Each structure stands twice: as structure tokens, then as C-alpha cells.
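Working notes, beginning with the structure itself.
The values are calculated or read from the model by the stated rules, or taken from the named source; none is laboratory data. None of these values were measured; they are calculated from a predicted model. Cβ placement follows ideal geometry from the backbone for every residue including glycine, while neighbour counts extend to all protein chains displayed. All accessible areas refer to the heavy atoms of the entire protein, side chains included, with ligands and DNA or RNA removed. Shrake-Rupley method; radii C 1.70, N 1.55, O 1.52, S 1.80 Å.
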Amino acid sequence: MTAILLDGNATSKAIRAEIARDTARLTAATGVVPKLAAILAGDDPASATYVQMKARASAKAGIESVTYPITNDAPESEVRHRLAQLNADPTVHGILIQHPLPKHMDEPSILSDLSAEKDVDGIAPISLGRLVAGLDSFHSCTPEGMIELLKRYNLPIAGKHAVVVGRSVILGKPLALLLLAENATVTICHSRTPNLAEITRQADILCAAVGRPELIKGDMIKPGAVVLDAGYNKVEGRAKDVGDVEFESALQVASAITPVPGGVGPMTIAMLLRNTLTAAARAAGFSLEPETV
Ligand code: NAP
């Protein structure tokens, strides 16, 4: 068996085109231009690159974006002050606090100050709590993108056994909850899980969210399983970043798989833009539902 590739680049492009169309509808009807504000604290080069990519993608979708850089040694109060200002600014619809914040800052506490209506990255404790409670909220963008990819490829989730390897707050945990909300039976594995392969081999949908290059080999995958690989790992001596799944061996066993790069990664920005558009539409009282004639 050779798996089909779940193309995150093409899917993300299609979603971003839909967002651009809907943004134009919103702006034409209400005059509102969705606006995403990013707080970029610290000097992490990867964070700076992500924020730049997000700004470029926003512009293409008709979404205004503005970045507030804060130096690595700035006091925490500077981030809090900026956040309070953005929470209160009615022209700002989405706020992104780029992770990780400098080490001396209390990230969970800062995130707790983020307005739920503007938490388009879906990582504030209130958004995560609302997800647990089954209430409407913005969802963390990478797991949301993984679910969206399954849906766009018409891959059923309900009734399937989904195994999520990884339990981080931004990825593994919300992904498990989103799969549960789609009526999958969900197992979560982590670094203390004994006999990982025994569990991954039971998965109809196997999600790797670990950050360990090629941890999941082909012989750990049930024949015909759908494999989503969120991992993004730099490996010395390898020209390209690699996922948490050993792609070549997995390709022979799975029925569908995301490549790295070009699988899960591009979906994240698409979800961030979609959430920003949704936040702006809600603030303007505008329905994004297609008009029926
Ligand atoms: P993280 O916070 O480091 O969490 C990693 C998780 O993997 C933890 O729950 C850890 O378990 C578990 N784990 C570690 N070693 C394991 C092992 N040998 N067996 C089973 N579980 C193990 O990482 P993260 O932020 O969730 O990111 C995970 C990966 O996704 C990274 O490669 C990251 O670059 C990538 N990522 C991609 C995107 C994107 O594409 N847009 C976004 C976010 C993250 P414990 O909890 O027991 O420590």
C-alpha cells in the first residue's frame, strides 16, 4: 500500500482564498477590515520568522496586521500594558502573543489576561477551558488545522480510534479534545507511556505531536491508518526538517499521511486567519454564512 498525501499547502491555499473572499464581503458590507495584532517579545529568530509569515499571509487575505516588538530584557509589565491596550482597542479583532515569551515572564498568567473574543490563537486558558466544557471558543490553530485537513479530505473521524502522541497545552491536549468533539475514541500517549508501539498500532487515526525526529516508524502504524504528523524537527546533516514520523516507512503502511514539510504546518496560519476573520465578523455583527437566495 502507498498512502495518499494530505497536501497541507494546497488545502491551506484553498482555505486562504475562501478567507480572502469572505474578508472582502465583510469589508464591502460593513467597512470593517479585520485586524490581527501580534506581540513579539524576545529575540527568538524562529518567532520573528513566524510572525513575518503570518503578516504576509494576512495581507494576502485582506487582513491588516501589526506587530509590536518588545525587547528580550523588557519587564513583563510592558507586555501586559500592550495587551491591555490591544484588548481595549475596538479596531483590533485578533491578538497573537507569539510563543515563547522571554523566560522571566509568566506566560500562563499573561495569557490569562487575553480577551477570549480576541484569542484567535486559541491558547488562552479561557479558550482551552471553554473547549473542555464544550462551549464555543477559538481553537488552538495547529490542532484545528489537523482536524480541518481530515475534513477537507473527507476522512471520517466519528467512531474511529484516534491516538495522539504528545500532550502539550497548545497541541496534543486540544487535539485530543477536538477529536473527541468529533466523536472519535481518543487515546493520549506521552513520554511516560510504556509500550508506545502497542498503542499506536491500534490507531485508525494516528497523530504525532511529539518533537522527536522520526519516533514513529512504519511498523508502529496499523495498515490503512491515517497519519497526521505535526512534528517539525531540525536534524544535523539533513537538508530538510523532518517530522515525528519516519515518512518513507510510514508511506508503505498508512492509507493517508501528511508530509513534512507541507502537511500540518501550512494549516496553522490558515486557521489563524480564519479565526481573525470570524472575530472581526462577530464584532461587526456580520454573518459569514453564504447568502441563500
Ligand atoms: P512539547 O511541548 O515539547 O510536547 C511534546 C510532547 O511529546 C509532550 O507531551 C511529551 O510528553 C511527548 N513526548 C516526548 N517524548 C516522547 C516519547 N518518546 N514518547 C511519547 N511521547 C513523548 O512539543 P509541542 O509544542 O507539542 O510540539 C510538538 C511538535 O510539533 C514539535 O516538533 C513542534 O515543532 C511541532 N509543532 C508544529 C506546529 C506547526 O506545524 N504549526 C505547531 C506547534 C508545534 P510529556 O508531556 O510526558 O513530557
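When Glu246 is tested against the conditions (1) more than 16 Å from the ligand (Cβ to nearest atom); (2) in contact with a Lys or Arg (Cβ under 6 Å, 6 or more places away or on another chain), the lone failure is (1). Note on segment 104-177: enclosed helices (runs of 4 or more DSSP H) holding 3 or more residues that are free of Cβ contacts under 8 Å to residues at least 24 places away in the same chain and over 16 Å from the mean Cα position of the chain (by Cα) are 107-112, 125-132. Within segment 46-58, identify whether any single residue is among the hydroxyl-bearing types (Ser, Thr, Tyr) and in contact with a helix residue (DSSP H, G or I) (Cβ under 8 Å, 6 or more places away or on another chain), and answer yes or no. So far as segment 46-58 goes, yes, one or more of its residues are among the hydroxyl-bearing types (Ser, Thr, Tyr) and in contact with a helix residue (DSSP H, G or I) (Cβ under 8 Å, 6 or more places away or on another chain).
Of the helices (runs of 4 or more DSSP H) lying entirely inside segment 1-94, not one carries at least 2 residues that are surrounded by fewer than 17 Cβ atoms within 10 Å (Cβ to Cβ) and among the acidic types (Asp, Glu). Filtered by the rule that a residue be more than 16 Å from the ligand (Cβ to nearest atom) and within 20 Å of Leu273 (Cα to Cα), segment 140-184 gives Lys151, Arg152.
Could you tell me which residue of segment 140-177 is nearest to Arg201 (Cα to Cα), considering only residues that are open to solvent by 50 Å² or more (accessible area, probe 1.4 Å) and of a type in the set (D, E, K, R)? Among those residues, the one meeting the criterion is Lys160. In segment 276-290, the residues that are touching a residue at least 12 places away in the same chain (Cβ under 8 Å) form Cβ pairs under 8 Å with partners that are small (Gly, Ala, Ser), at six or more places apart or across chains, as follows: Thr276/Ser58; Thr276/Gly94; Leu277/Ala61; Ala279/Gly94; Ala280/Gly94; Ala281/Ser287; Phe286/Ala29; Leu288/Ala281. When each of Pro108, Pro102 is tested for being open to solvent by less than 70 Å² (accessible area, probe 1.4 Å) and farther than 15 Å from Met271 by Cβ, the lone residue that passes is Pro102.
There is at least one residue in segment 132-139 that is within 16 Å of the ligand (Cβ to nearest atom), at pLDDT 95 or above and open to solvent by less than 60 Å² (accessible area, probe 1.4 Å).
Of the numbered criteria (1) closer than 22 Å to His139 by Cβ; (2) modelled with pLDDT of 95 or more, the one Arg56 fails is (1).
The set of residues in segment 249-275 that are within 11 Å of the ligand (Cβ to nearest atom), of a type outside the set (Ser, Thr, Tyr), in contact (Cβ under 8 Å) with a residue 40 or more places away in the chain and within 18 Å of Leu6 (Cβ to Cβ) comprises Gly262, Gly263, Val264, Gly265, Pro266, Met267, Ile269, Ala270, Met271. Just the residues that are among the aliphatic types (A, V, I, L, M) and in contact (Cβ under 8 Å) with a residue 60 or more places away in the chain, please, taken from segment 210-245. Within segment 210-245, Val226, Val227, Leu228, Ala230 qualify. State all residues of segment 54-68 that are over 14 Å from Arg274 (Cα atoms) and in contact (Cβ under 8 Å) with a residue 12 or more places away in the chain; if no residue qualifies, say none. Val66, Thr67, Tyr68 - these are the residues of segment 54-68 that are over 14 Å from Arg274 (Cα atoms) and in contact (Cβ under 8 Å) with a residue 12 or more places away in the chain. The set of residues in segment 75-103 that are closer than 19 Å to Ala46 by Cβ and touching a residue at least 24 places away in the same chain (Cβ under 8 Å) comprises Val79, Leu96, Ile97, Gln98, His99, Pro100, Leu101, Pro102. For segment 197-222, filtered to residues that are small (Gly, Ala, Ser) and within 13 Å of the ligand (Cβ to nearest atom), the residue that is nearest to the chain's Cα centre (by Cα) is Ala209.
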